[in-house]
Amino acid sequence: MVFQKYLNMKFNLGDFVRFVDEKREGYVTKIIDAQTLGVTDEDGFEIPVAISNLTSVHGHGVIAKEEDSPKPIQVNVPLVNKIENGIYVAVAADGKAGSVVHFHLQNQTPNTLLISLSSERKEKYAGIYHGILQSFQSTLIHSASLSELDIWPEFTFQFLVFSKADVKPLDPLVIIKKFRAKDFSSEQKDLPNLKQKGWLIRLDELASVNIDPQKLKESFFKSPSEKRIVDVPNQEIDLHIEKLRDDHHFLAPDEILQIQLSHFQNALDAAIVHHFDKMIFIHGLGNGTLRDKIHKLISKNPHIKTYMDARKEKFGYGATEVVFK
């Protein structure tokens, strides 16, 4: 598979092109090498063609504007997110160029993302994309042929998360993803923000930040200027926002959730460092979002043995007890 980064050329996957020396045209569906493209014609045959024998057909498929048609009235409609907040890759089928798919990174979070995307295959590395993605926006980051899935490289996504909210900065996210056939085995669905069908793959659930208590203990023997002090937390941690912030009335729901999760993670890490046997997190019932997020994080932590609803006679289903290894 040859990536577009290496293509010092004017053609991309999915472009509509015409042959210079004969009356034939089609879509670019494969990049064979730096001088040759695979073009699929209207009969569905993919033909290897020298780049020098191709020319772009501009405006193909674009519907001309009707000058006399009335302009629609612009109405400001609040954005409704149909998917859970997170970082996603939306893989959209081209629809015209055979098996070509386009990767759109979707930032369904209230934060700004600084992005780096690179690939590795047989110890050969390539930078594919870098940029800044604002909150609840999407951007095209890559294109490939689905028929060549078995030779796709391994992708490394790196994210720096920026937030204006009064919360502890998040650690950088590093997500290594090897796409498999199972990622594309489900039925294609409508992709948010794209008005296309395809597959939606969540990335930030693949990231895991594990703390090494031994390394943290070793850091206690460093000089005072380098020493990291981890306070002993309470065994019961109340995550209700009114217990954490006095200005909670002025916070958006996404900001509240981020503050609660940050407080949860800090307390959990401190409990691991101090070798707690167990700990209770009081999250309340609400709509269940905070509880579900906490349970997902707990289930991925290698230092946790099990977890359960805590003391139902006192908390009902509004608290979770964590038992450490």
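The values are calculated or read from the model by the stated rules, or taken from the named source; none is laboratory data. These numbers were taken from a predicted model, which means no experiment stands behind them. All Cβ positions, even for glycine, are placed from backbone atoms using ideal geometry, and neighbour counts span all protein chains on display.
Just a few scattered comments:
- Summed over the stretch 118-140, the residues that are in a strand (DSSP E or B), surrounded by 14 or more Cβ atoms within 10 Å (Cβ to Cβ) and either in contact with a Ser or Thr (Cβ under 9 Å, 6 or more places away or on another chain) or free of Cβ contacts under 8 Å to residues at least 12 places away in the same chain (or both) give a count of 7.
- Test: residue in the stretch 145-155 that is small (Gly, Ala, Ser) and either closer than 29 Å to ASN85 by Cβ or touching a Cys at 6+ places or on another chain (Cβ under 6 Å) (or both): no
- Those residues of the stretch 201-254 which are modelled with pLDDT under 85, surrounded by 10 or more Cβ atoms within 10 Å (Cβ to Cβ), over 32 Å from the mean Cα position of the chain (by Cα) and of a type in the set (S, T, N, Q), in sequence order: SER219
- Set side by side, the residues ALA270, ALA310 differ, and just one is free of Cβ contacts under 8 Å to residues at least 60 places away in the same chain and out of contact with any Pro (no Cβ under 6 Å at 6 or more places or on another chain), which is ALA310.
- Residues that are aliphatic (A, V, I, L, M), modelled with pLDDT under 80, assigned to a strand (DSSP E or B) and in contact with a Leu (Cβ under 8 Å, 6 or more places away or on another chain), drawn from the stretch 1-46: ILE31
- Set LYS164, LYS71, LYS65: member being at pLDDT 75 or above, assigned to a loop (DSSP other than H, G, I, E, B) and more than 18 Å from ASP204 (Cα to Cα): LYS164
- For PHE281, the conditions (1) modelled with pLDDT of 90 or more; (2) among the hydrophobic types (A, V, I, L, M, F, W, C); (3) in contact with a His (Cβ under 6 Å, 6 or more places away or on another chain) are fulfilled apart from (3).
- Subset of the stretch 141-155 that is buried (at least 17 other Cβ atoms within 10 Å of the Cβ) and among the polar types (S, T, N, Q) - its residue that is nearest to the chain's Cα centre (by Cα): SER143
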